[in-house]
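The values are calculated or read from the model by the stated rules, or taken from the named source; none is laboratory data. Please read all numbers here as calculations on a predicted model, not as lab measurements. When we count neighbours, we look across all protein chains shown, and the Cβ atoms used for this are built from the backbone with ideal geometry, even at glycine.
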Amino acid sequence: MLALEATPAEIDELDQGQRDALDACVIAAMTLCTPEGDARGRARLLMECHGRYTRSWGVFGKAASFPAFLNQLRSAPVGALLPGPGSWSEIWDVRLLEDDGTATAALTRLIMEASDQAHEVPGLSADLRHLHSVLRALGKLPPGARLARIAAEAVQHAVFRTLQQAGFAAYTEGRGTLVNDPVLGRRALSRYALLTDLGVYTGISPVQQFAGRWAPCPLCKGTTRATPRGHHGAELACEDERHRQRGARFKMESDDGQWRLKPLGEIREIPELRPVEGWVALSYGLWQWITMPGLLEIDLEALAYGAGADVRLWPFGDS
Ligand SMILES: [Zn+2]
């Protein structure tokens, strides 16, 4: 197999569509070769990647169909997967998967280096480090192994499986807490021995605080991202785009030494600004992959219940 030196400079030569396509391919290829996660979750992720891949080809491009996309990921060099004009770049000749379906060295590097999204999402590298430590503690990540955002299913699997091993009550309480309380006071956390041991809660991320304070999203209760604005203020907004669109955006400014939030969207109910000390939160990946899908499941359950269906949320054994 070709040894690749995929330098970031090489990735810079690609245009935006090509980079988006590469990103989708890299995630999809990693999904194909990871042994973690359940088949349905992986299939969903592959379809998401294909959707992104198709969009990256633009309105007039002819992206491969889903089955052809999967085939090409297994056997074609990167150049055959990307839209637009070719290049002399070495990356063009590299394959993402070996003949036996395992990740090439190139893929392992690309998932970290070529994945625009991983770098664009602030705090994700700290988040990945936290995830690594959680998974390592769960015995799911051998020393030296690397992992990227692709690991959504693997993370859910690892966390839920570990909760299940602690029995029904611990599982139900743990999963409920992860969904309903993405942020906890340190003292509240100490009441959950299992979650404390798992190390899933960590200090408030540096990109989710400003002037030593943070605020929860009114919709998911997760920490909001703090983006400095001007010299003496910041914008605090939920990391979830749908929540931002629904109004989970606030301006943080100081009046006579007192920090205050003002709404920037339709949500008028202002969340409380809290000091960073004394609080712990799920890092980005855990909020994204456990809290958010869990909230959706609760919504669906309420919907089904309202329609008269008898639904049991998170039956023991589902992971
Ligand atoms: Zn939110």
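Working only within region 211-241, note down all residues that are within 15 Å of residue 264 (Cα to Cα), assigned to a loop (DSSP other than H, G, I, E, B) and more than 16 Å from the ligand (Cβ to nearest atom).
229, the sole residue that qualifies.
Filter region 173-195 for residues that are polar (S, T, N, Q) and either closer than 17 Å to residue 220 by Cβ or surrounded by 15 or more Cβ atoms within 10 Å (Cβ to Cβ) (or both) and give the result.
Hits for region 173-195 are 177, 180.
Filter region 242-259 down to the residues that are outside any loop (DSSP other than H, G, I, E, B) and near the ligand (Cβ under 9 Å from one of its atoms), then identify the one that is modelled with the highest pLDDT.
Checked region 242-259; the qualifying residue modelled with the highest pLDDT is 243.
From the list 263, 206, 271, which one is in contact (Cβ under 8 Å) with a residue 24 or more places away in the chain, over 23 Å from the mean Cα position of the chain (by Cα) and either within 15 Å of the ligand (Cβ to nearest atom) or under 25 Å from residue 159 (Cβ atoms) (or both)?
On the way: 263 fails: in contact (Cβ under 8 Å) with a residue 24 or more places away in the chain; 206 fails: over 23 Å from the mean Cα position of the chain (by Cα).
None of the other options fit; the residue is 271.
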